[in-house]
Amino acid sequence: MKIGVCGTGRMGAAIAQRLIDMGHDASVWNRNSAKTRPLVDAGAKALESPASLVESCDAVVVMLLNDAASEAVYRGPDGILKGKLAGKLVIDMSTVRPDTMQNVGALVTQHSAAFVESPVGGSTGPAGEGKLFALVGGDKADVGRAMPILEQLCRRIEHVGGLGAGSAVKLAINLPLLVYWQALGESLTICKPLNLPADRLIDIMSDTAGTPRR
Ligand SMILES: NC(=O)c1ccc[n+]([C@@H]2O[C@H](COP(=O)([O-])OP(=O)(O)OC[C@H]3O[C@@H](n4cnc5c(N)ncnc54)[C@H](OP(=O)(O)O)[C@@H]3O)[C@@H](O)[C@H]2O)c1
């Protein structure tokens, strides 16, 4: 299958490499084209714009930083919405606002393409091993079409509702994590006068209920 990855930052590059490893005919686009070079060396084809990426692939995985990036890459002059989208599948794995997914998803589907949101849990290691946790939103038929690709990228796939639902659950997961990391920084500050090595302190905390455990 011809699969494109739109945005080859840390996560997008790991996902693209996973798709190459799984034997797909992979193409990539990134705003800073230098970041596509290792993927080209690994066998991917670099395209000059999001629109040309969409046109040369059956499916495109989008992995962008935030809502502003999404705005630029979908609606820009050579953006995704400028490509011939009819019949294509777009899977957006970025972590963005639920209404951003709803808005871009509505525009993509107006072009007779399928759109699925799938923000993920797990970092670059799990991405490279196909062990992400996908929080999926979208139409049942579109999600069914995305499933063979998601299954090669993820260890767990939860279809939680229509467009926007996946992003809402992802943000709900991130909020307590953000509060935790803020609190951890403050708790380490309490111990600063003790001059303990940081790795020893983290090792002590990791053996207690003071850190998240699975
Ligand atoms: N890193 C993680 O462990 C992790 C885990 C789960 C989910 N996520 C989510 O995955 C997404 C990507 O994260 P990441 O860690 O891969 O970030 P990253 O390494 O900073 O990559 C961000 C990507 O977005 C692109 N981008 C940013 N602003 C843009 C703009 N205005 N126009 C076009 N492209 C733009 C960057 O292009 P350039 O290279 O040209 O700047 C790059 O391709 C985020 O939504 C993040 O919350 C990350």
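Each reported figure results from applying straightforward, stated rules to the coordinates on display, with no laboratory input. All figures in this text were calculated on a predicted structure; none of them were measured in a lab. In this analysis, Cβ positions are derived from the backbone assuming ideal geometry, glycine residues included, and neighbour counts consider all displayed protein chains.
General remarks:
- Given +1 at the Cβ of Lys and Arg, -1 at the Cβ of Asp and Glu and no other charges, the dipole of segment 109-214 around its Cα centre is 100 debye to the nearest 20.
- Of the peptides 34-44, 159-169, 75-85, 192-202, the ranking by mean beta-carbon count within 10 Å, highest at the top, reads 159-169, 75-85, 34-44, 192-202.
- The Rg/Rh ratio for the chain, using Cα coordinates for both the radius of gyration and the Kirkwood hydrodynamic radius, is 1.05.
- Given +1 at the Cβ of Lys and Arg, -1 at the Cβ of Asp and Glu and no other charges, the dipole of the chain around its Cα centre is 100 debye to the nearest 20.
- Evaluating 6.51 cos²θ - 1.76 cosθ + 1.60 at θ = phi - 60° for every residue in segment 139-154, the Karplus couplings come out as 4, 4, 5, 5, 5, x, 5, 7, 3, x, 6, 4, 5, 7, 10, 10 Hz, glycine and proline recorded as x.
- Amide H contacts under 5 Å for ASP92: VAL62, VAL116, GLU117, SER118, restricted to partners 5 or more places along the chain or on a different chain, H placed in the peptide plane at 1.01 Å from N.
- In angstrom, the C-alpha Rg and Dmax of segment 20-93 are 11.9, 32.
- Prolate/oblate/rounded label for segment 123-179 (Cα gyration tensor, a/c 1.5): oblate
- In terms of distances greater than 28 angstrom between alpha carbons, the cross-link table entries LYS2/LYS82; LYS84/LYS131; LYS35/LYS170; LYS45/LYS131 yield LYS84/LYS131.
- The phi torsions of segment 71-80, fed into the Karplus equation with coefficients 6.51, -1.76 and 1.60 and a -60° offset, translate into couplings of 4, 5, 7, 7, 9, x, x, 10, x, 3 Hz, rounded to whole numbers, with Gly and Pro shown as x.
- Dipole orientation for segment 1-111: of the candidates GLN17, ALA51, GLY87, GLN17 has the Cα lying most toward the positive pole (charges on Cβ; Lys, Arg +1; Asp, Glu -1).
- Cut-off under 5 Å, modelled amide H: who pairs with GLY130 long-range: none
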